[in-house]
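Worksheet: one structure, shown below.
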Amino acid sequence: MTSFSGSFPATRLRRNRRTPWLRDLVRENTLTVADLIWPIFVIDGKDKTEAISSMPGVQRYSIDLAVKAAKEAASLGIPMIALFPNTDPKLRTEDGAEALNPENIVCRAVRAIKKEVPEIGIMCDVALDPYTSHGHDGLMANGRILNDESVAVLAKQAVVQAQAGCDVIAPSDMMDGRIGAIRSALDAATLQDVAIMAYSAKYASGFYGPFREAVGSGGLLVGDKRTYQMDGGNTDEALREVAMDIAEGADMVMVKPGMPYLDIVSRVKREFSVPTFAYQVSGEYAMLMAAIERGWLDSNKVVTESLLAFKRAGADGVLTYFALDVAKNLSA
């Protein structure tokens with residue numbers, strides 16, 4: 001890149017900031033509705049919502065209301081929603097068998113939404129933590145998370161979700177080799193058109209607490225997830241994870257959490273030039289909302305600014321709980 005050689009007074013950088021239309025004209029990065037993916041939590045029941053105490057403004061929806069929420073998202077131009085279940089504790093087992101049930105809450109929600117809102121994309125999380133009694137993303141034996149045995153189950157879970165109508169499979173478990181196994185399983189089931197967005201660089205983070213409340217796994221978690229989620233001090237390892245996932249068949253990759261790992265988003269996009277996404281996770285949402293509710297921060301300004309940070313870093317899109325509000329503001 002050619003270095004800047006202008007000097008004052010011939011060069012006045014404020015000229016391009018003088019009016020709103022000039023600022024719009026020269027803006028390097030923009031946020032649009034097409035950049036947004038909206039995570040939605042689903043529960044059993046009918047005409048039912050549940051507030052999530054650590055995520056003010058975010059609710060769990062029964063399937064019928066999730067359909068209505070998806071219709072609203074589609075009407076605003078949001079291209080995709082991401083579904084996460086809050087599974088009845090009675091259905092949570094050591095082996096997470098409910099993940100393979102074609103009638104589980106996620107599969108029923110996918111079918112209902114696709115029937116009523118076929119134009120919106122649906123992304124489904126592939127991991128066992130919403131279904132296990134121990135709260136881990138994979139199978140567990142003697143305190144150890146089993147990699148290969150977990151991958152076999154995750155591949156079956158992905159096929160069940162895709163057969164229900166899911167458009168994008170999103171493995172968040174961080175087991176080694178799961179992308180290749182899932183791609184092979186989908187292809188063998190003649191589901192070649194189903195895409196994979198790999199949670200390629202998912203860090204063991206303190207920012208996930210509210211999400212675990214939302215899906216009901218927080219109080220169940222035995223130990224921690226540091227043997228499979230990434231260490232927060234590593235960056236080169238993230239590139240290795242991304243490279244392996246791409247080689248195994250990932251169509252898109254994700255960095256999670258978002259804001260504390262913008263450097264990873266930037267490195268991944270520069271290195272691989274593949275569709276790259278970031279997840280503005282529950283803890284990020286909760287922090288902003290805590291200040292917004294107290295009147296310390298202006299909601300529209302800080303939410304837009306936070307999402308633009310992802311775009312500047314190189315993200316092609318962002319999973320954010322603010323998606324609906326942002327889409328309304330952008331279309332106003």
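Looking at the stretch 24-72, the strands (runs of 3 or more DSSP E) lying wholly inside it that each contain 1 or more residues that are more than 20 Å from I120 (Cβ to Cβ) and among the acidic types (D, E) sit at 49-51.
Working carefully through the options G121, G165, find the one that is surrounded by fewer than 24 Cβ atoms within 10 Å (Cβ to Cβ), on the phi > 0 side of the Ramachandran plot, at pLDDT 95 or above and of a type outside the set (F, W, Y).
Going through G121, G165 in turn, the sole match is G165.
Using the structure shown, decide if I78 is in contact with a strand residue (DSSP E or B) (Cβ under 7 Å, 6 or more places away or on another chain), touching a residue at least 12 places away in the same chain (Cβ under 8 Å), within 30 Å of R111 (Cβ to Cβ) and part of a strand (DSSP E or B). No, not satisfied. Each residue in the stretch 250-304 was checked for being part of a loop (DSSP other than H, G, I, E, B) and either more than 17 Å from Y203 (Cα to Cα) or modelled with pLDDT under 95 (or both), and 10 of them qualify.
State whether the residues of the stretch 87-98 include one that is in contact (Cβ under 8 Å) with a residue 60 or more places away in the chain, in a helix (DSSP H, G or I) and in contact with a Lys or Arg (Cβ under 6 Å, 6 or more places away or on another chain). Taking every residue of the stretch 87-98 in turn, none turns out to be in contact (Cβ under 8 Å) with a residue 60 or more places away in the chain, in a helix (DSSP H, G or I) and in contact with a Lys or Arg (Cβ under 6 Å, 6 or more places away or on another chain).
Among the residues making up the stretch 243-294, those that are out of contact with any Ser or Thr (no Cβ under 7 Å at 6 or more places or on another chain), touching a residue at least 40 places away in the same chain (Cβ under 8 Å) and basic (K, R) are K256, R270. Within the stretch 219-240, residues that are over 20 Å from G138 (Cβ atoms) sit with their Cβ atoms under 6 Å from residues that are of a type in the set (D, E) and at pLDDT 95 or above, at 6+ positions apart or across chains, in these pairs: L239/E271.
Scanning the stretch 86-105 for residues that are charged (D, E, K, R) and surrounded by fewer than 18 Cβ atoms within 10 Å (Cβ to Cβ) gives D88, K90, E94, D95, E103. Restricting the search to the stretch 310-329, which residues are out of contact with any strand residue (DSSP E or B) (no Cβ under 9 Å at 6 or more places or on another chain) and of a type outside the set (D, E)? Passing the criteria: R312, K328, N329. Restricting attention to the stretch 146-162, does a residue exist that is among the hydrophobic types (A, V, I, L, M, F, W, C), surrounded by fewer than 18 Cβ atoms within 10 Å (Cβ to Cβ) and in a helix (DSSP H, G or I)? Looking through the stretch 146-162, at least one residue is among the hydrophobic types (A, V, I, L, M, F, W, C), surrounded by fewer than 18 Cβ atoms within 10 Å (Cβ to Cβ) and in a helix (DSSP H, G or I).
Here is the figure for the stretch 197-228: residues that are more than 20 Å from C124 (Cβ to Cβ), in contact with a Lys or Arg (Cβ under 6 Å, 6 or more places away or on another chain) and not in a loop (DSSP other than H, G, I, E, B) total 1.
Out of everything in the stretch 124-145 that is assigned to a strand (DSSP E or B) and in contact with a Pro (Cβ under 9 Å, 6 or more places away or on another chain), what residue ends up being surrounded by the fewest Cβ atoms within 10 Å (Cβ to Cβ)? Going through the qualifying residues, I end up with D125.
The values are calculated or read from the model by the stated rules, or taken from the named source; none is laboratory data. The structure displayed is predicted, hence computed values, not measured ones. FYI the Cβ positions are ideal-geometry reconstructions off the backbone, even for glycines, and counts take in every protein chain you see.
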